[in-house]
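Remarks on the structure that follows.
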Ligand SMILES: Cc1cc2nc3c(=O)[nH]c(=O)nc-3n(C[C@H](O)[C@H](O)[C@H](O)COP(=O)(O)O)c2cc1C
Ligand SMILES: [Fe+2]
Ligand SMILES: [Fe+2]
């Protein structure tokens, strides 16, 4: 049971911490669990609930509302239609018969389809429209594509709180209401950004522009603890969405019998000798979220795979697919690997990453276990990477 807590007078956190969840969207590893935050605002005239929780935790939300002795809710503001926040809507609407779901037209349409909520339950609002709760006012700010097309943010004007739903969120189960451990949150929020927000980097820039003139004292997201010093996360986002990359090479790899692995080991040392930060990821043991985090600001990726059944190893295919859809701001790409008799590994891999606006640095593809000339070729690759980084003022 997740404890309800007061954030400010008449504003409560009533959602649920999911300590045990280890996978999100059947895809994203959650090493630290997560939370589905929901907020209750008691105005002098009206009561509003901001987002709900994942349906698996709806009993916790209901208990918290009971404990607060809430016998009517006027508005359930729905910032985002995804079920980790909207999934408890049918249950809440069932208990609070007069409540209306406040959202935009697109989100209404999605909620009618995803959760079969009848049309007469909705109040739709436009960008920058406000709703009064008496002594408190909610302003709705359209923020499409963070990370679905229907998303909005809700700003509580008098208390200067931005309810940002997934934006700025972190998958982190914690008993802290507000942030305490900054390093921990930075990592968790970066992981969240990498996995959920990075594909929409350009449009998030525009959405940050939209909120830059708001006076924000608190950012209350729908995953993870609340930011009482919002500049911490806003500055982190500014860095992540900027076009700047770091003097860093990441090497996702697979090796069945050790030949490609020997190449990776050699290249790691060659890059270290050149003062380039390097992060190899053995894909058989890598938490894919760690790979995603490193994609946020690395300059270069070197994909390493043996040839298997003519093409790249299927696990490398998965990593390449993921990298392509996450659209990191990587600037350079190369491919290395070992083969036995022949194939199309490089061509197949390069065709898998059309979204990446990268310059291809000459691959190093060798037969069998690496020999002296192959190590020279890897030195050449390390030199090429260093030169490219220098030419682009990354070093
Ligand atoms: C299941 C399997 C399928 C393979 N298919 C090919 C292939 O289609 N073409 C090729 O050149 N080599 C193929 N090979 C050989 C490997 O590419 C070669 O042994 C390479 O050196 C393995 O590198 P590694 O030690 O990094 O796993 C295959 C090997 C295995 C185990
Ligand atoms: Fe979401
Ligand atoms: Fe979410």
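Where a number appears in this text, it was derived from the coordinates with a stated rule and is not lab data. Computed from a prediction, not measured in an experiment: that's the story for all the values here. Positions of Cβ are generated from backbone atoms using ideal geometry, with glycine treated the same way; all protein chains shown enter the neighbour counts.
A few notes on this one:
- Using only the C-alpha atoms, the convex hull of segment 325-378 corresponds to 86 Å³ per residue.
- 0 to 90° range, to nearest 10: angle between helix 259-273 axis and the chain longest Cα axis: 80 degrees
- Label positions at residue 56 and residue 25, each projected 7 Å from the Cα along the C-beta direction, are separated by 1.7 nm.
- Model label points for residue 238 and residue 369, set 7 angstrom from Cα along the Cα-to-Cβ axis, are 5.4 nm apart.
- Here the relative contact order of the chain, from alpha carbon pairs under 8 Å that lie six or more residues apart, stands at 11 percent.
- Whether segment 255-333 is rounded, prolate or oblate, judged on the alpha carbon gyration tensor where a/c under 1.5 counts as rounded: oblate
- Label-point gap, in nm, between residue 67 and residue 129 - each point 7 angstrom along Cα→Cβ: 3.4 nm
- Choice from 373, 275, 384 showing the highest fluctuation, given a GNM over the chain with Cα pairs closer than 10 Å: 373
- Separation of alpha-carbon centers, segment 141-177 and segment 1-73, rounded to whole Å: 14 Å
- Here the chain carries DSSP beta bridges of which approximately 45% are antiparallel, counting only pairs with both residues inside.
- Sorting 341, 240 from the fewest to the most surrounding beta carbons within 10 angstrom yields 341, 240.
- Structure remark: mean-square fluctuation, Gaussian network model of the chain, C-alpha springs under 10 Å; the largest value among 202, 151, 34 belongs to 202.
- Over all directions, the projected convex hull of the C-alpha atoms in segment 260-395 averages 7.5 nm² in area.
- Principal-axis tilt of helix 105-114 within the chain, Cα atoms, nearest 10 degrees: 80 degrees
- Three-way shape label, segment 57-190, alpha-carbon gyration tensor, a/c 1.5: rounded
- The coefficient of translational diffusion for segment 104-159, derived via Stokes-Einstein from the alpha carbon Kirkwood radius under 20 °C and 1.002 mPa s, stands at 176 µm²/s.
- Between helix 182-192 and the chain there is an angle of about 80 degrees, using the helix long axis and the longest principal axis of the Cα atoms.
- Shape summary of segment 196-301, radius of gyration then Dmax from alpha carbon positions: 18.1, 58 Å.
- The chain - mean residue ellipticity at 222 nm from DSSP helices (-39,500 (n - 2.57) per run, n ≥ 4, rounded to 500): -9500 deg cm²/dmol
- Taking only the Cα atoms of segment 137-264, the radius of gyration and Dmax are 17.5, 64 Å.
- Counting beta carbons within 10 Å around each of 165, 107 and listing the fewest first gives the order 107, 165.
- GNM result for the chain, Cα springs below 10 Å: residue of 39, 253, 96 fluctuating most strongly: 96
- Cα gyration tensor, segment 116-210 - rounded (a/c under 1.5), prolate or oblate: prolate
- Pairwise alpha-carbon distances in the chain exceed 39 Å for 28% of all pairs.
- Between residue 158 and residue 183, the contour length at 0.36 nm per residue exceeds the alpha carbon distance by 5.9 nm.
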